[in-house]
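The structure under discussion appears below in the form of structure tokens.
Please treat every number below as a calculation from the coordinates, not as lab data. Every value quoted in this text rests on a predicted model; they were computed, and no experiment measured them. Cβ: placed from backbone, ideal geometry, glycine included. Neighbour counts: every protein chain shown.
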Amino acid sequence: MHRGPLLEKLNVYRPSGDREAAAVERLKRFVMEHPDCFERSLQVGHITGSAWVVDPERTHALLTHHRKLDKWLQLGGHADGDPDILRVALREAREESNLEAIRSMSEAIFDIDIHTIPARGAEPEHLHYDVRFLLEADRDAPVRASHESRSVAWAPLEKIMGLNPEESMMRMVAKTFISS
């Protein structure tokens with residue numbers, strides 16, 4: 001079963017609180033109920049892979065100012081049928097930052113979030129079941145935003161709340177401090 005590896009990762013993942021634990025359970029149900037969960041064409045929602053890219057010192061995270069959503073976020077995107085969500089996160093991080101030397105810190109899930117994407121054009125409102133991984137890159141390497149972004153930049157962890165105070169962003173910042 002192509003969904004098996006993701007379900008295995010979800011079964012061993014330890015969420016950081018009740019809210020994230022509820023999201024993990026919702027994500028497991030979604031994956032089990034939808035064989036096409038990795039496909040963008042599943043209009044109720046789909047799996048996405050995100051990259052929480054930090055520098056080796058764990059003082060900064062690489063963020064993108066998303067063009068469509070008009071907010072600073074972690075790098076990431078659609079699985080487009082690929083059930084290897086870590087590979088998706090790495091691919092998206094490289095595409096969105098133009099950095100090649102990005103490495104995974106672990107095969108384990110770093111964070112889980114489920115969020116609503118507003119309707120746009122012919123695309124209805126839907127959910128992103130976002131599976132996030134901790135990645136690392138050199139802060140001195142040049143970055144360049146893709147067409148999907150207005151900008152891409154390293155942000156000091158303590159300044160991220162001013163860029164995007166959403167709970168899931170603050171949770172990843174807190175987890176970064178714990179993992180250092």
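Miscellaneous remarks
- Put in line by how crowded their Cβ is, counting other Cβ atoms within 10 Å and starting with the fewest, Leu6, Leu127 read Leu127, Leu6.
- Angle between the chain longest axis and helix 167-179 axis [Cα atoms, degrees, rounded to 10]: 60
- Each residue of segment 11-25 was assigned a 3J(HN,Hα) from its phi angle through the Karplus expression (A = 6.51, B = -1.76, C = 1.60, θ = phi - 60°), giving 5, 9, 5, 10, x, 8, x, 4, 5, 5, 4, 5, 5, 4, 5 Hz with x at Gly and Pro.
- In terms of surrounding Cβ atoms within a 10 Å radius of their Cβ, Phe177, Phe110 rank from fewest to most as Phe177, Phe110.
- Long-range amide H partners of Asp130 with built H, under 5 Å: Thr48, Asp113, Ile114, His115
- Label zone at Arg14 (point 7 Å along Cα-to-Cβ), backbone N below 20 Å, segment 130-145: 132-135
- With both labels modelled 7 Å from their Cα along Cα-to-Cβ, the Leu69 to Asp84 distance reads 2.5 nm.
- Share, in percent, of DSSP beta bridges within the chain that are antiparallel, nearest 5: 75
- Principal-axis analysis of the Cα atoms of the chain puts helix 85-97 at an angle of about 40° to the longest axis.
- q = 0.10, 0.17 Å⁻¹: log10 I(q)/I(0) that the Debye formula gives for the chain, counting C-alpha atoms only: -0.35, -1.09
- Extension reserve of the Ser146-Ala108 stretch, reckoned as 0.36 nm per residue once the Cα distance is removed: 11.0 nm
- Estimated distance in nm for a label pair at Leu7 and Met170, the labels positioned 7 Å out from Cα along Cα-to-Cβ: 3.5
- Listed by Cβ neighbour count within 10 Å, with the fewest neighbours leading, Asp18, Asp113, Asp36, Asp84 appear as Asp18, Asp36, Asp84, Asp113.
- Computed 3J(HN,Hα) for segment 147-152, one whole-Hz value per residue from the Karplus formula 6.51 cos²θ - 1.76 cosθ + 1.60 where θ = phi - 60°, is 5, 7, 10, 7, 7, 9, glycine and proline marked x.
- Placing pseudo-labels 7 Å out from each Cα toward the beta carbon at Ala155 and Thr59 gives an inter-label distance of 1.9 nm.
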